[in-house]
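Visitor: Sharing a structure here in structure tokens format.
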Amino acid sequence: MKIHQLYRQQTVNLSVEEAWKFFSSPYFLNEITPDFFHVEIESKVPDEIYAGLLISYRMKAVFGYPMDWLSEVSQCQTHQYFIYQQQEGPFKFWSHEVRLTATPTGTQVEDIVFYTMPGWLFGELLHTLIIGKRLQAIFDTRQAYLQQRWA
């Protein structure tokens, strides 16, 4: 089983409080991701996330095929970081940490993702052919959106 990692870092022209409000809300996912990655939130999400919060999604990330995803905010420190982990979904393991750090020019945003594919060799082949490129495209789109809006 191969453990894959994605890492992105970017500074946005927002205060930590403004950045927290934007990044901690799942309602902005469709705004910061490519069109092929359409997300519908199926559970009620409070204004403030917290450790233990479960969020149910339905997404169409690969060939328009609908997939269910249940994530848990496993750790959360308001205005600093949160980690959400897949409880049910397409990956064998998925953990995404969003870390916010105040800087003299705004807020540094770090995305730290670890994931593993299901299905051993077939999963790795699928990752090489499709999934890895799709994940890069999702984070490339996110980075471009943030650069354009809050560079």
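Visitor: I want to confirm something. Restricting to the stretch 113-148 and keeping residues that are charged (D, E, K, R) and without any contact (Cβ under 8 Å) to a residue 40 or more places away in the chain, which single residue is farthest from Lys92 (Cα to Cα)?
Guide: Ranking the candidates gives Asp140 first.
Visitor: For a quick check of your reading: which strands (runs of 3 or more DSSP E) sit entirely within the stretch 75-151 and have at least 2 residues that are charged (D, E, K, R) and modelled with pLDDT of 95 or more? Steps first, answer last, please.
Guide: Working: elements: 81-88, 93-103, 106-116.
Per the criteria, 93-103, 106-116.
Visitor: State all residues of the stretch 28-49 that are under 14 Å from the mean Cα position of the chain (by Cα), among the β-branched types (Val, Ile, Thr) and within 23 Å of Gln80 (Cα to Cα); if no residue qualifies, say none.
Guide: Result: Ile32, Thr33.
Visitor: Now, a different point. Please go through the stretch 85-136 and pick out each residue that is over 18 Å from Leu6 (Cβ atoms) and crowded, with 17+ Cβ neighbours inside 10 Å. Explain how you work it out, then say what you get.
Guide: Restricting attention to the stretch 85-136, the residues satisfying the condition of being over 18 Å from Leu6 (Cβ atoms) are 87-88, 101-107, 119-122, 125.
Listed by number, the residues that qualify are Gly106, Thr107.
Visitor: Return the residues of the stretch 32-49 that are within 14 Å of Tyr145 (Cβ to Cβ) and surrounded by fewer than 12 Cβ atoms within 10 Å (Cβ to Cβ); say none if nothing qualifies. Please lay out each step first, then the result.
Guide: Pass one, the stretch 32-49, residues within 14 Å of Tyr145 (Cβ to Cβ): 32-35, 37.
Residue satisfying the conditions is Asp35 alone.
Visitor: Could you please find all residues in the stretch 1-20 being outside any helix (DSSP H, G or I) and out of contact with any Gly (no Cβ under 6 Å at 6 or more places or on another chain)?
Guide: From the stretch 1-20, those outside any helix (DSSP H, G or I) are 1-15; that's our starting set.
Hits for the stretch 1-20 are Met1, Lys2, Ile3, His4, Gln5, Leu6, Tyr7, Arg8, Gln9, Gln10, Ser15.
Visitor: Something else: Are there any pairs, at least 6 apart or on different chains, whose C-beta atoms fall under 7 Å, with the first in the stretch 14-31 and on the phi > 0 side of the Ramachandran plot and the second in a helix (DSSP H, G or I) and modelled with pLDDT under 95, and if so, which?
Guide: Going by the 7 Å Cβ cut-off, there are no qualifying pairs.
The values are calculated or read from the model by the stated rules, or taken from the named source; none is laboratory data. If you're wondering where the values come from, they're calculated on a predicted model, not measured in any experiment. Here Cβ is always computed from backbone atoms with ideal geometry, including for glycine, and neighbour counts include all displayed protein chains.
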